[in-house]
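Read the structure below first, then the notes.
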């Protein structure tokens, strides 16, 4: 029996998620609803913010980062199929590049990676157990696992893979030239990046998996869960995406149990057919990007219909009960293939959202 202090009914929610991921019907879409609690689950005293702390991605103060993780869900209610899960070792939106030799430069709200492959013959993709970022990451997960056991889960860090990792290590403009000038070199690099990805992933999975083998990235799944992406794809043609990332994504999705693809921005739309043709890719997570219509807007509905008809699931953001009702009228039973994530102002609003999903 699995009980989480921060989600006492987790076993029932986990059973629904297992049914849904494996093609069953839970009577509604999956709803990950997060709400503030009137009273915290427990009192986790906050540490003073360290001098120079600029972002919660920061590695500047290990103790403070652990404290942030332990406080992460103490004041949060999880409804529907939401699971309390923190990622204390998530050091950048491309951890794999840090583990493989890039230096992280912190900015308010993010980290960017300084390229570490100045020339093609300098490319190295070695596993280094003494790498600062890898050591920090594994120590953080190990400590939070001990202190948070039975309270909440831990989620994978944002590893990232493929062309996005190579672009972080090589530089975006340089990689665009490499794709034209030395495509065989790019393919060889991608082969090594995929191998290293799973060298790190397997260690992390063993650190964070629950007693049934389930794991979390943006959603809990009953096995090896992963999020894949290629934001770099906005700069290349569908043919080039299929040639370079198609095989990477096909292999990687076959080496995990469940996965989603972070499909980001209008520039990535031309690659829809390539993504739908990947047999083991479970779900698409559409992110429209800045300055365009939100995920629930009717502009994206044809993409959602096409995705559902191809047998894929969808992770979609939603903002209100009425929006959910509109989507239900449009998609009917197809809505059951969707996973909605929403933060609400209180438990009552969250329960209203669940009721709208069930009616």
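When the helix-only estimate is applied to the chain (DSSP H runs of n ≥ 4, each -39,500 (n - 2.57), divided by the residue count), what is the mean residue ellipticity at 222 nm, nearest 500 deg cm²/dmol?
That comes out to -12500 deg cm²/dmol.
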Using the basic label-point model (7 angstrom from Cα toward the beta carbon), what is the residue 287 to residue 243 distance in nanometres?
2.7 nm
Which of 342, 203, 256 moves the most in a Gaussian network model of the chain with Cα springs under 10 Å?
203
State the Cα centre-to-centre distance between the range 43-93 and the range 234-280 in whole Å.
31 Å
May I ask for the distance between the Cα centers of the range 112-137 and the range 161-205, given as a whole number of Å?
12 Å
Just the Cα atoms of the chain, one point each, no solvent: what log10 I(q)/I(0) does Debye give at q = 0.06, 0.07, 0.09 Å⁻¹?
-0.22, -0.30, -0.51
Determine the percent antiparallel among the DSSP beta bridges restricted to the chain, to the nearest 5.
35 percent
Stretched fully, the stretch from residue 5 through residue 62 gains (0.36 nm per residue minus C-alpha distance, one decimal, in nm) 18.0 nm
Linear extension gain, residue 330 paired with residue 355, 0.36 nm per residue minus alpha-carbon span
7.2 nm
Please build a GNM for the chain, connecting alpha carbons under 10 Å apart, and tell me which residue among 88, 36, 157 fluctuates the most.
36
Measure out, as a whole number of angstrom, how far apart the alpha-carbon centroids of the range 298-359 and the range 1-40 sit.
16 Å
Taking a label point 7 Å from the Cα of residue 276 along Cα-to-Cβ, the residues of the range 309-326 whose backbone nitrogen sits under 16 Å from it are 309-315
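Ranked by Cβ crowding within 10 angstrom, fewest neighbours first, how are 235, 252 ordered?
The fewest-first ordering by Cβ neighbours comes to 235, 252.
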Cβ-Cβ FRET estimate between residue 309 and residue 121, R0 fixed at 41 Å, reported to 0.05:
0.30
Just to be sure I understand the model, the point goes 7 Å from the Cα along the line to the Cβ. What's the resulting residue 26 to residue 211 distance in nm?
2.0 nm
Highest GNM mean-square fluctuation, the chain, Cα pairs closer than 10 Å: which of 145, 290, 219?
290
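Where a number appears in this text, it was derived from the coordinates with a stated rule and is not lab data. Keep in mind that this is a model prediction, so the values were computed, not measured. Here the Cβ is made from the backbone with ideal geometry for all residues, glycine too, and neighbour counts use every protein chain on show.
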